[in-house]
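Chemist: Sharing a structure with you now.
The values are calculated or read from the model by the stated rules, or taken from the named source; none is laboratory data. This is a predicted model, so every value here is computed, not measured. Counting neighbours? That spans all protein chains shown, and the Cβs are built from the backbone with ideal geometry, glycine included. Remember, those area values only see protein heavy atoms, side chains included, never the ligands or the DNA or RNA. Shrake-Rupley method; radii C 1.70, N 1.55, O 1.52, S 1.80 Å.
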Amino acid sequence: MEQYLCNPLFKKLGSIADEQGISVFVIGGYVRDIFLKRQSKDIDILVIGNGIDYAEKVGKALGTAVSIFKNFGTAMLRYNDLEVEFVGARKESYRSNSRKPIVEDGTLEDDQKRRDFTINTLAISLNKDSYGELTDPFKGIEDMDLRLIRTPLDARETFSDDPLRMMRAIRFAAQLHFVIDEEAINAIKLNKERIGIVSKERVTDELNKIILSECPSVGFEYLFDTGLLELIFPQMAQLYGVEVINGKGHKDNFYHTLEVLDNVAAMSDDLWLRWAAILHDIAKPATKRFDPLHGWSFHGHEDKGARMVPKIFSQLKLPLNEKMKFVQKLVQLHLRPIVLAQALITDSAVRRLLFDAGEDIEALMLLCHADVTTKNEYKKKKYRQNFELVKQKLKSVEERDQIRNWQPPVSGNDIMELFNLKAGKEVGLIKNYIREGILEGEISNTRDEALKFALKKAGELGLKPVRQLL
Ligand code: ATP
């Protein structure tokens, strides 16, 4: 074990503890990640005694400031780029209406028992006479070999005591590519309603970690199968299922969404682009229609979906800022490149897409690429080839017309001065004529042509310029 404790901090922590005559251990995620060969940012130090007093001694010895959280009985200091957290060993008991336990001082084993999963209970001693000794009373190492998420104590009690652990179980399964033990799955199903006592922020924090994992569908399948998804994010659970009428079915939008999400995850780490994948078809259940002639349709699901985004973000306590607007824009536009790829591509359609997507055009193209999930290899190849054409066309039109960061070549002020107008409807009308003229390709995206065009359109409205052009 010693070879894994190569950071000189560990020896130092041990010798300070020896001086004080107390036992200390490195515990939890840091130890787990040693065995899983993962990078850890935090070190949790367990003190059999008073964690805060010990942390203050360590802070003094290292010449580092210590942050103390008296209410939690914990302390924290920074050592190089690591966060080191100190906590006294504790024994916990729970009441039914709160995640907050009643806490007493405890032994190493009491403290290991209160931890969520066997893989998170491992402790390594830092005192000199037992330096590097591993304590693994719940077979955490064995579970790591089996790639298993299992609770150290009775699973029903573990999840009932602190229901956030249900989300954590699924998050660890997604992050580590582990399987959740069957007893734990059944206990989550039994306790799912208790997720209601956990703050929305904490739930969403875990949800975002699932979304940011390498293959997020693993986590979502667990969320769906346990019934948690229906409770925390019902709109997504409603995507599930296939309806068949007259022998015609539509695709299962839940599994399609998961496929799109995994495709996006393989290409981008961006949380918000992943959220756009999750939400791109969110309004399909609400817009679903069956027509005996044409079969299933989801007409307008992109508009309705975009309108649903703010409510979903607010429900989940996600930020209602430009990140939400980005997701909303992608949901709104997600069919446009596909429509383009299917039709004869005109320059004006390309300019309109560049105008509407602006800076987010690459993200949109990535989402659309990921959205092609047909199992028909011929169709898939054809779609993707068409996409390449759209991409080339986007590139050449942008090079020529510079639409993606479009600023009107003639401003509202210019128009007011030219025709001696006050701000009002007519100024807006002329600005729209110019924008439409450029997007339709009637004029080029230059000030000169835009001014001449403005003059012509203003003339049609009965307006005359009060000064010379240019
Ligand atoms: P990560 O840093 O990836 O979130 P971690 O395991 O370090 O993983 P933390 O949330 O930092 O997770 O928690 C540190 C340790 O505290 C865990 O390894 C676990 O032993 C324990 N722990 C954290 N949250 C809970 C909980 N809700 N119930 C029981 N034990 C917990």
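Chemist: Quick one: what pairs do we get from the stretch 70-87, first residue open to solvent by 100 Å² or more (accessible area, probe 1.4 Å), second β-branched (Val, Ile, Thr) and in a strand (DSSP E or B), C-beta under 9 Å, 6+ apart or different chains?
Modeler: Phe72/Val87; Arg78/Val84
Chemist: Right, Glu214: open to solvent by 40 Å² or more (accessible area, probe 1.4 Å) and within 15 Å of the chain's Cα centre (by Cα) or not?
Modeler: For Glu214, the condition - open to solvent by 40 Å² or more (accessible area, probe 1.4 Å) and within 15 Å of the chain's Cα centre (by Cα) - is met.
Chemist: So Gly132 ticks every box in (1) part of a loop (DSSP other than H, G, I, E, B); (2) within 13 Å of the ligand (Cβ to nearest atom); (3) in contact (Cβ under 8 Å) with a residue 24 or more places away in the chain but one. Which box is left unticked?
Modeler: For Gly132, the failing item is (2).
Chemist: Criterion first (within 12 Å of the ligand (Cβ to nearest atom), over 27 Å from Glu142 (Cα atoms) and open to solvent by 60 Å² or more (accessible area, probe 1.4 Å)) does Lys113 satisfy it?
Modeler: No; evaluated as a whole, the condition is false for this residue.
Chemist: Okay, next question. Between residues in the stretch 336-356 that are touching a residue at least 12 places away in the same chain (Cβ under 8 Å) and residues that are open to solvent by 60 Å² or more (accessible area, probe 1.4 Å) and hydroxyl-bearing (Ser, Thr, Tyr), which pairs lie under 8 Å by C-beta distance while being six or more apart or on different chains?
Modeler: Close Cβ pairs satisfying both conditions: Ile338/Tyr383; Ala341/Tyr383.
Chemist: When the stretch 38-68 is examined, which residues are found to be at pLDDT below 95 and either in contact with a Cys (Cβ under 9 Å, 6 or more places away or on another chain) or within 14 Å of the ligand (Cβ to nearest atom) (or both)?
Modeler: Within the stretch 38-68, Arg38, Gln39, Ser40, Lys41, Asp42, Gly51 qualify.
Chemist: Which ones in the stretch 315-362 are at pLDDT 90 or above and acidic (Asp, Glu)?
Modeler: Of everything in the stretch 315-362, those that are at pLDDT 90 or above and acidic (Asp, Glu) turn out to be Glu322, Asp356, Glu359, Asp360, Glu362.
Chemist: Something else: Starting from the stretch 100-116, take each residue that is among the small types (Gly, Ala, Ser) and list its partners that are surrounded by fewer than 17 Cβ atoms within 10 Å (Cβ to Cβ), counting only C-beta distances under 7 angstrom and pairs at least six apart or across chains.
Modeler: These pairs meet every condition: Gly106/Lys91.
Chemist: Out of (1) within 16 Å of the ligand (Cβ to nearest atom); (2) of a type outside the set (Phe, Trp, Tyr); (3) open to solvent by less than 60 Å² (accessible area, probe 1.4 Å), the odd one out for Glu157 is which?
Modeler: With respect to (1) within 16 Å of the ligand (Cβ to nearest atom); (2) of a type outside the set (Phe, Trp, Tyr); (3) open to solvent by less than 60 Å² (accessible area, probe 1.4 Å), Glu157 is out only on (3).
Chemist: Among the residues of the stretch 137-154, what is the count of those that are free of Cβ contacts under 8 Å to residues at least 60 places away in the same chain and either farther than 11 Å from Ile119 by Cα or surrounded by fewer than 18 Cβ atoms within 10 Å (Cβ to Cβ) (or both)? Give the steps one after another, and end with the answer.
Modeler: In the first step, residues of the stretch 137-154 are kept if they are free of Cβ contacts under 8 Å to residues at least 60 places away in the same chain; the result is 137-139, 142-143, 145-154.
Among the residues that remain, those that are also either farther than 11 Å from Ile119 by Cα or surrounded by fewer than 18 Cβ atoms within 10 Å (Cβ to Cβ) (or both) are: 137, 139, 142, 145-147, 153-154.
Going through the stretch 137-154 one residue at a time, the tally reaches 8.
Chemist: I'd like to check something: does the stretch 236-248 contain any residue that is touching a Pro at 6+ places or on another chain (Cβ under 7 Å) and over 28 Å from Arg194 (Cα atoms)? Break it down stepwise before answering.
Modeler: So in the stretch 236-248, the residues touching a Pro at 6+ places or on another chain (Cβ under 7 Å) come out as 238-239, 246.
If we keep only those that are over 28 Å from Arg194 (Cα atoms) too, we end up with 246.
Looking through the stretch 236-248, at least one residue is touching a Pro at 6+ places or on another chain (Cβ under 7 Å) and over 28 Å from Arg194 (Cα atoms).
Chemist: Any residue at all in the stretch 411-434 that is of a type in the set (A, V, I, L, M), loosely packed, with under 12 Cβ neighbours inside 10 Å and over 26 Å from Asp347 (Cβ atoms)?
Modeler: Yes, because at least one residue in the stretch 411-434 is of a type in the set (A, V, I, L, M), loosely packed, with under 12 Cβ neighbours inside 10 Å and over 26 Å from Asp347 (Cβ atoms).
Chemist: When the residues of the stretch 116-129 are narrowed to those that are farther than 25 Å from Leu176 by Cβ and assigned to a loop (DSSP other than H, G, I, E, B), which ends up nearest to the ligand (Cβ to nearest atom)?
Modeler: Per the stated criteria, the residue is Leu126.
Chemist: Give the residues of the stretch 8-33 that are within 16 Å of the ligand (Cβ to nearest atom) and either free of Cβ contacts under 8 Å to residues at least 40 places away in the same chain or surrounded by fewer than 16 Cβ atoms within 10 Å (Cβ to Cβ) (or both), sorted by residue number.
Modeler: Once the filter is applied, which keeps residues that are within 16 Å of the ligand (Cβ to nearest atom) and either free of Cβ contacts under 8 Å to residues at least 40 places away in the same chain or surrounded by fewer than 16 Cβ atoms within 10 Å (Cβ to Cβ) (or both), the stretch 8-33 yields Tyr30, Asp33.
Chemist: Any residue in the stretch 365-375 that is surrounded by fewer than 17 Cβ atoms within 10 Å (Cβ to Cβ), out of contact with any helix residue (DSSP H, G or I) (no Cβ under 9 Å at 6 or more places or on another chain) and assigned to a loop (DSSP other than H, G, I, E, B)?
Modeler: Yes; the residues of the stretch 365-375 include at least one that is surrounded by fewer than 17 Cβ atoms within 10 Å (Cβ to Cβ), out of contact with any helix residue (DSSP H, G or I) (no Cβ under 9 Å at 6 or more places or on another chain) and assigned to a loop (DSSP other than H, G, I, E, B).
Chemist: Right, another one. Please indicate, with yes or no, whether at least one residue in the stretch 315-335 is in contact (Cβ under 8 Å) with a residue 60 or more places away in the chain, assigned to a helix (DSSP H, G or I), out of contact with any strand residue (DSSP E or B) (no Cβ under 8 Å at 6 or more places or on another chain) and open to solvent by 40 Å² or more (accessible area, probe 1.4 Å).
Modeler: Keep residues of the stretch 315-335 that are in contact (Cβ under 8 Å) with a residue 60 or more places away in the chain, which gives 315-318.
Filter once more, keeping what is assigned to a helix (DSSP H, G or I): 315.
Checking the rest, the ones that are also out of contact with any strand residue (DSSP E or B) (no Cβ under 8 Å at 6 or more places or on another chain) come to 315.
Subset that is open to solvent by 40 Å² or more (accessible area, probe 1.4 Å): 315.
Among the residues of the stretch 315-335, at least one is in contact (Cβ under 8 Å) with a residue 60 or more places away in the chain, assigned to a helix (DSSP H, G or I), out of contact with any strand residue (DSSP E or B) (no Cβ under 8 Å at 6 or more places or on another chain) and open to solvent by 40 Å² or more (accessible area, probe 1.4 Å), which makes the answer yes.
Chemist: Condition (residue is modelled with pLDDT of 95 or more, open to solvent by less than 60 Å² (accessible area, probe 1.4 Å), under 25 Å from the mean Cα position of the chain (by Cα) and within 28 Å of Ser268 (Cα to Cα)) applied to the stretch 181-202: is it met by at least one residue?
Modeler: no
Chemist: Which residues, taken from the stretch 162-174, are assigned to a helix (DSSP H, G or I) and within 7 Å of the ligand (Cβ to nearest atom)?
Modeler: Once the filter is applied, which keeps residues that are assigned to a helix (DSSP H, G or I) and within 7 Å of the ligand (Cβ to nearest atom), the stretch 162-174 yields Leu164, Arg165, Arg168.
Chemist: Right, next: Examine the stretch 93-108 for a residue that is within 14 Å of the ligand (Cβ to nearest atom) and modelled with pLDDT of 95 or more, and state whether such a residue exists.
Modeler: Yes; the residues of the stretch 93-108 include at least one that is within 14 Å of the ligand (Cβ to nearest atom) and modelled with pLDDT of 95 or more.
Chemist: Now for a separate question. Just for helices (runs of 4 or more DSSP H) wholly inside the stretch 201-262: which have at least 3 residues that are within 21 Å of Ala184 (Cβ to Cβ)?
Modeler: Where helices (runs of 4 or more DSSP H) fall fully within the stretch 201-262 and carry at least 3 residues being within 21 Å of Ala184 (Cβ to Cβ), they are 217-226, 228-232.
Chemist: In addition: Is there a residue being over 17 Å from Phe220 (Cα atoms), open to solvent by 50 Å² or more (accessible area, probe 1.4 Å) and among the aromatic types (Phe, Trp, Tyr) anywhere in the stretch 231-254?
Modeler: For the stretch 231-254, residues over 17 Å from Phe220 (Cα atoms), open to solvent by 50 Å² or more (accessible area, probe 1.4 Å) and among the aromatic types (Phe, Trp, Tyr): absent.
Chemist: Applying the selection to the stretch 95-106, what residues are open to solvent by less than 70 Å² (accessible area, probe 1.4 Å) and in contact with a Lys or Arg (Cβ under 8 Å, 6 or more places away or on another chain)?
Modeler: Result: Pro101, Gly106.
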